[in-house]
Amino acid sequence: MTPRIRLQPEALGVGMTSQRVRDRLIERLRGNGIADERVLNAIRTVPRHLFVDEALATRAYEDTALPIGHGQTISQPWVVAKMTEALFDGGAQPRRVLEVGTGSGYQAAILAALGLEVYTVERIGDLLRIARKRFRSLGLNVRSKHDDGRVGWPEEAPFDGILVTAGAPALVDALTAQLAPGGTLVAPVGAGGGQSLLRLRKDVEGRITQDTLASVAFVPLLSGLVD
Ligand code: SAH
């Protein structure tokens, strides 16, 4: 599948943001178990260096989380890949996906590049404004809103996939409720420092099964809005 993205000259990158450096990241992800070629191709194509501050651009293709301001981080590429891959596992073909925690906009951009209909919610207005500019300049069709993502997006539910990109002590019932039959929800869950990345599936009869994909460390899922 050809990723749906418009690339301006600065998206192509030079030096530490060049295609050669990005290809090294792809090989690293492959070596760490990411096998879905559609996901690897999206990561190869979406310019992660445009989702961080210019001062951090040279580190954008390291497999690491990076600060994006307001105490938040852009997720580690392997985690983005793992969460995205989980949506397609088992042959499911999701169409509409909700992300909770837009942050830099990178995860949403990966989903949009895969041709998914993306809805994303962020509680920090400042981060959302910057992410929206990125979506526009890359020609990505992402719907977003400034809200507490723990309530999901009921007007647009149900979703075939839901990705929660901030950690909570437990799964959020309102989000599970907005998952379509046959859908997959991926969320970091756990109290304290680290979390388990859980995958929850709802079968066509509405029965729920759950498994653990990895140990992860996300910033916390918080309540209340920030301008
Ligand atoms: N998906 C992001 C990762 C951002 S880090 C990316 O690709 O860059 C997690 C984000 O979740 C932060 O921006 C944080 O502000 C946001 N967040 C935390 N709690 C939230 C909530 N209740 N609703 C919406 N966003 C939330």
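In this entry, E62 is excluded by the filter for residues that are out of contact with any helix residue (DSSP H, G or I) (no Cβ under 9 Å at 6 or more places or on another chain), on the phi < 0 side of the Ramachandran plot and open to solvent by 60 Å² or more (accessible area, probe 1.4 Å).
Consider L175 carefully, then state whether it is open to solvent by less than 10 Å² (accessible area, probe 1.4 Å), out of contact with any Leu (no Cβ under 8 Å at 6 or more places or on another chain) and within 16 Å of the ligand (Cβ to nearest atom).
Taking the combined requirement at face value, the residue does not satisfy it.
Scanning segment 169-190 for residues that are β-branched (V, I, T) and in contact with a helix residue (DSSP H, G or I) (Cβ under 9 Å, 6 or more places away or on another chain), we see that the one that is farthest from G101 (Cα to Cα) is T184. With respect to the conditions (1) crowded, with 21+ Cβ neighbours inside 10 Å; (2) within 14 Å of the ligand (Cβ to nearest atom); (3) on the phi < 0 side of the Ramachandran plot; (4) not aliphatic (A, V, I, L, M), G103 lacks only one, and its number is (3).
Select from segment 1-56 the residues that are in a helix (DSSP H, G or I) and touching a strand residue (DSSP E or B) at 6+ places or on another chain (Cβ under 9 Å) and list them in ascending order. Correct list: R48, F51, L56.
Checking the stated criteria, G161 turns out not to satisfy the condition of being of a type outside the set (V, I, T), out of contact with any Cys (no Cβ under 8 Å at 6 or more places or on another chain) and at pLDDT below 95.
Looking at segment 57-75, which of the residues that are near the ligand (Cβ under 10 Å from one of its atoms) and in a loop (DSSP other than H, G, I, E, B) is nearest to D126 (Cα to Cα)? Only one residue tops the list, namely H70. Taking segment 114-139 as the range and being away from the ligand (no atom under 13 Å from the Cβ), over 24 Å from V189 (Cβ atoms) and open to solvent by less than 40 Å² (accessible area, probe 1.4 Å) as the test, the residues that pass are L114, G115, L138. Among the residues making up segment 194-227, those that are surrounded by fewer than 17 Cβ atoms within 10 Å (Cβ to Cβ), in a strand (DSSP E or B) and within 15 Å of the ligand (Cβ to nearest atom) are P220, V226.
If only residues of segment 146-162 that are among the hydrophobic types (A, V, I, L, M, F, W, C) and open to solvent by 30 Å² or more (accessible area, probe 1.4 Å) are counted, the one that is farthest from the ligand (Cβ to nearest atom) is A157.
May I ask you to verify whether R143 is at pLDDT 95 or above, open to solvent by 10 Å² or more (accessible area, probe 1.4 Å) and part of a strand (DSSP E or B)? Yes: the conditions hold for R143. Restricting A81, A92 to those that are open to solvent by 20 Å² or more (accessible area, probe 1.4 Å) and either touching a strand residue (DSSP E or B) at 6+ places or on another chain (Cβ under 6 Å) or farther than 25 Å from D126 by Cα (or both) reduces the list to A92.
The values are calculated or read from the model by the stated rules, or taken from the named source; none is laboratory data. Owing to the predicted nature of the structure, the values given are computational and were not obtained by experimental measurement. Glycine also receives a Cβ, built like all others from the backbone with ideal geometry; neighbour counts cover every protein chain displayed. Protein only, heavy atoms only, side chains kept; ligands, DNA and RNA dropped before computing areas. Shrake-Rupley method; radii C 1.70, N 1.55, O 1.52, S 1.80 Å.
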